[in-house]
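Q: Got a structure for you, questions after.
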């Protein structure tokens, strides 16, 4: 049968997907973006239909990225009923998305086996517990507070269940990327391949309860290294930093990359540059340190931050 593709505009994407999948017998193949979908692909009998929200939003170009790097958006409902809060205004011109995600109800999550067309993606558990399963990585396991995973590009995975009020931070590059439904592979897979390489990266599961705190290159600050740097060929460095006293991350630090993203886990953190006004951030706040200026990050005693440098 010869395949064909058509594109249709719709006013309500959720209602259109429901109509095609539940009433007309199509299968969902793709949705984009996951946090606030504006397009989806459904298919049946060799026909693919791309459904596009008529009022799709486009993100600003890189040179238009915002200066208010600590402002976050309100909660919205995204894929699989999960609630999302956008942590980076403007998403750095489309270079990165950082989402604070919460699952308010406990029990089974209405997810499906899927994968993402990304260059980098990770999840850090903030609260509660979430049971997940990954392609070739063995049986399902629980993500607990402080745990994190690196999801290599296109690894098949699924969220199975959670406790009520679970929360994670999810970071992905680029900001807008496609989520594809996997119709053939079932999880867990029969084979265990912990060293399998997915598009140049290996899966990482960092268990906080088993990790050691070690001195960092910053005076008065210790770190818990996720191991993600080694398994991404140094594309991204992901660590939790904890201050033993009032401490400073100097401008142009050794770990500075194209993007320096920070999420405050506990305590308070201030950021400033020269004579500029000091910005203060507390628990669940996030900010990006501009890489073209000499910004300094100041941590109060006992503070913890998730630092993601790419």
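Q: Only one of 24, 13, 28 is modelled with pLDDT under 95 and farther than 20 Å from residue 174 by Cα; which?
A: Answer to the check: 13.
Q: A follow-up question, please. In region 44-61, which residues are part of a loop (DSSP other than H, G, I, E, B) and either in contact with a strand residue (DSSP E or B) (Cβ under 9 Å, 6 or more places away or on another chain) or at pLDDT 90 or above (or both)?
A: Residues satisfying the conditions are 45, 46, 54, 56.
Q: Moving to a separate point now. Taking into account only those residues within region 24-43 that are part of a strand (DSSP E or B) and free of Cβ contacts under 8 Å to residues at least 24 places away in the same chain, which is surrounded by the fewest Cβ atoms within 10 Å (Cβ to Cβ)?
A: Filtering first and then ranking leaves 43.
So that you can scan it fast, the table gives a plain yes or no per residue for (1) within 23 Å of the chain's Cα centre (by Cα); (2) surrounded by 19 or more Cβ atoms within 10 Å (Cβ to Cβ); (3) within 26 Å of residue 286 (Cβ to Cβ):
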{"position": "189", "(1), (2), (3)": "no, no, no"}
{"position": "201", "(1), (2), (3)": "yes, yes, yes"}
{"position": "204", "(1), (2), (3)": "yes, yes, yes"}
{"position": "218", "(1), (2), (3)": "no, yes, yes"}
{"position": "242", "(1), (2), (3)": "yes, yes, yes"}
{"position": "258", "(1), (2), (3)": "yes, no, yes"}
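Q: Using the structure shown, decide if residue 210 is within 24 Å of residue 92 (Cα to Cα), without any contact (Cβ under 8 Å) to a residue 40 or more places away in the chain and surrounded by fewer than 16 Cβ atoms within 10 Å (Cβ to Cβ).
A: no
Q: Keeping to region 287-303, report how many residues are surrounded by 22 or more Cβ atoms within 10 Å (Cβ to Cβ) and modelled with pLDDT of 95 or more.
A: Residues meeting the conditions: 2.
Q: Can you name the residue in region 227-236 that is outside any loop (DSSP other than H, G, I, E, B) and free of Cβ contacts under 8 Å to residues at least 24 places away in the same chain and, of all such residues, is surrounded by the fewest Cβ atoms within 10 Å (Cβ to Cβ)?
A: Among them, the one singled out is 230.
Q: Quick one: is residue 70 at pLDDT below 90, outside any loop (DSSP other than H, G, I, E, B) and not assigned by TED's automatic domain parsing to the domain that holds residue 287?
A: Taking the combined requirement at face value, the residue does not satisfy it.
Q: Among (1) within 18 Å of the chain's Cα centre (by Cα); (2) not in a loop (DSSP other than H, G, I, E, B), where does residue 224 come up short?
A: (1)
Q: Can you name the number of the only condition in (1) more than 17 Å from residue 88 (Cβ to Cβ); (2) under 18 Å from the mean Cα position of the chain (by Cα); (3) at pLDDT 95 or above that residue 306 fails?
A: Result: residue 306 passes all but (1).
Q: Select, from 64, 83, the only residue that is surrounded by fewer than 18 Cβ atoms within 10 Å (Cβ to Cβ), at pLDDT below 90 and in contact with a helix residue (DSSP H, G or I) (Cβ under 8 Å, 6 or more places away or on another chain).
A: 64
The values are calculated or read from the model by the stated rules, or taken from the named source; none is laboratory data. Bear in mind the structure is a predicted one, so any value in this text is a computation, not a measurement. Heads up, the Cβs are rebuilt from the backbone with ideal geometry, glycines too, and the neighbour counts pull from every protein chain shown.
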